[in-house]
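The values are calculated or read from the model by the stated rules, or taken from the named source; none is laboratory data. Not measured: the values here are computed from a predicted model. Glycine also receives a Cβ, built like all others from the backbone with ideal geometry; neighbour counts cover every protein chain displayed. Note: areas computed on protein heavy atoms with side chains; ligands, DNA, RNA excluded. Shrake-Rupley method; radii C 1.70, N 1.55, O 1.52, S 1.80 Å.
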Amino acid sequence: MDNLFQRLDLNLLRVFDVLMQTRNVTRTAERLNLSQSTVSHALGRLRQTLNDPLFVMTRKEMRPTHRAQALAAPVRQALALLEQGVRQSAGFDPASSVRTFRLAVPSSIEHGVVPQLVELLYARAPGCRLAVSELVNSDYEDTLARAELDLVVSFAGADHLSERLLTDIWFHNPMVCLSVKNSGLADVLSPAELVSWSHVSTSNWGHNQTLVESWLSEQGLARHIGVWVPSFEALPRLLATGRYLAMVPELIGRDLCYYYPLQAHNLSEPLHSTYVLAQHPLTEFDPALVWFRGLLKEAGGQ
């Protein structure tokens, strides 16, 4: 076993790790900036050393064997720990860094916080970039372990993130009700007043709308949904008809009321949406992410 381990050098493990992600020699070569023949040769050495084909060619992709699947997580974790150690020893200088920070966020954060985050990043780390993707119903453990994402913004109590991820509260934001200006509604609305109108639901999958439904259900009430939309894009024009209300986080309501003829109403019983930051334990002490989390706290008003 010792002799076997000695034959597995770092370059072979890097090739194996990327092959597990791409399932394709050409894409692996492109990602590692190597020739296809170099990747094929590395795969051959791996197969010979481990006495296993590791990847079997099918019509669409190279499918990993059981041995490859068993190796995937330990290899990824080992490479991530090594990368983390190198980064820690090098430190992080935001003024000179050209790192790309990768986030998955719900649409409310994309709309209400990301612009402020971009401005902070531009002022403090002008060479860094931000890549934002939409939050989906995933546990995100593998994606974060492979460093395809750095952090995930989700909701407290959403119950979709892996329990093995590190999570902590980012900030709380009250829910408000939006209506067209001059709707005649009071500044503070009771649950009974809310359900007397038809509503626009601003997410086909998301926690904020579920939070509202659960809150009303506890009081024996249910609202009528007239329109489901996947984001906030169409909300101003839909509310302008005067037929609908919409429940949104206050950070969204504040911006929409500034740019459009809408008004926000508080609730007679406070209801808050709580956002959490999720990160893989492998990157907990990455100095760049320690710094970036501080930037996020600032952007979230903490």
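Identify, among 122, 111, 136, the residue whose Cα sits farthest towards the positive end of the charge dipole of region 95-196, taking +1 on the Cβ of Lys and Arg and -1 on the Cβ of Asp and Glu, with the dipole about the Cα centre.
The listed residue farthest towards the positive side: 122.
For the pair residue 224 and residue 97, what calculated FRET efficiency results from E = 1/(1 + (r/R0)^6), where r is the Cβ-Cβ distance and R0 = 51 Å, to the nearest 0.05?
0.50
For region 181-217 and region 21-73, what is the separation of their Cα centres, given in Å?
Rounded to whole Å, the Cα centres lie 52 Å apart.
With N denoting the number of residues in the chain, provide Rg(C-alpha) divided by 2.2 N^0.38 Å, to two decimal places.
It is 1.25.
Sum -39500 (n - 2.57) across every DSSP H segment of at least 4 residues in the chain, then divide by the residue count to get the 222 nm mean residue ellipticity, nearest 500.
That calculation yields -13000 deg cm²/dmol at 222 nm.
Can you pull out the GluC sites (Glu not before Pro) in region 124-218 whose DSSP state is coil and whose Cβ has at most 12 other Cβ atoms within 10 Å?
When the GluC sites (Glu not before Pro) of region 124-218 are filtered for loop state and at most 12 Cβ neighbours within 10 Å, 163 remain.
For region 131-243, with only Lys/Arg (+1) and Asp/Glu (-1) charged at the beta-carbon, what is the dipole magnitude about the Cα centre, in debye rounded to 20?
Roughly 660 debye for region 131-243.
Please state the relative contact order of region 194-302 as a whole percent: Cα pairs under 8 Å, 6+ residues apart?
Relative contact order of region 194-302: 26 percent.
Could you list which residues have their amide H under 5 Å from that of residue 133, counting only those 5 or more apart in sequence or on another chain, with H placed in the peptide plane?
For residue 133, the qualifying residues are 103, 104, 105.
Can you pull the three principal axis extents for the Cα set of region 98-190, in Å, largest first?
Per principal axis, max minus min of the Cα coordinates gives 52, 35, 19 Å.
Along region 22-31, what does the Karplus equation 6.51 cos²θ - 1.76 cosθ + 1.60 (θ = phi - 60°) give for ³J(HN,Hα), rounded to whole Hz, x for Gly and Pro?
8, 6, 7, 5, 4, 5, 5, 4, 5, 5
Among DSSP beta bridges whose residues both lie in region 1-152, state the antiparallel percentage, nearest 5.
Just about 25 percent of them are antiparallel.
Tell me the per residue accessible area of region 135-175 using a 1.4 Å probe; a whole number in Å² is fine.
Result: 47 Å² per residue.
Taking the Cα centre of the chain as origin, sum charge times position over the Cβ atoms of Lys and Arg (+1) and Asp and Glu (-1), and report the length of that vector in debye to the nearest 20. Display every interim value, and only then the final one.
Values: 26 positive and 30 negative charges, 243 e Å.
Dipole of the chain, to the nearest 20 debye: 1160 debye.
Largest first and in whole Å, what are the equivalent-ellipsoid semi-axes of region 1-150 based on the Cα gyration tensor, each being the root of 5 times an eigenvalue?
Those come to 34, 19, 14 Å.
Can you give me the distance in nm between label points at residue 137 and residue 172, each placed 7 Å from the Cα along the Cα-to-Cβ direction?
Distance between label points: 2.8 nm.
In region 202-237, what chymotrypsin sites (Phe, Trp or Tyr not before Pro) fall in a loop by DSSP, with at most 15 other Cβ atoms inside 10 Å?
Within region 202-237, the qualifying chymotrypsin sites (Phe, Trp or Tyr not before Pro) (loop, at most 15 other Cβ atoms within 10 Å) are 205.
Just subtract the alpha-carbon distance of residue 78 and residue 257 from 0.36 nm times their residue separation and send over the number in nm, one decimal.
59.5 nm
Give the accessible surface of region 233-273 per residue, rounded to a whole number of Å², with probe radius 1.4 Å and ligands, DNA and RNA excluded.
Numbers: 2160 Å² over 41 residues.
Solvent-accessible surface per residue comes out at 53 Å².
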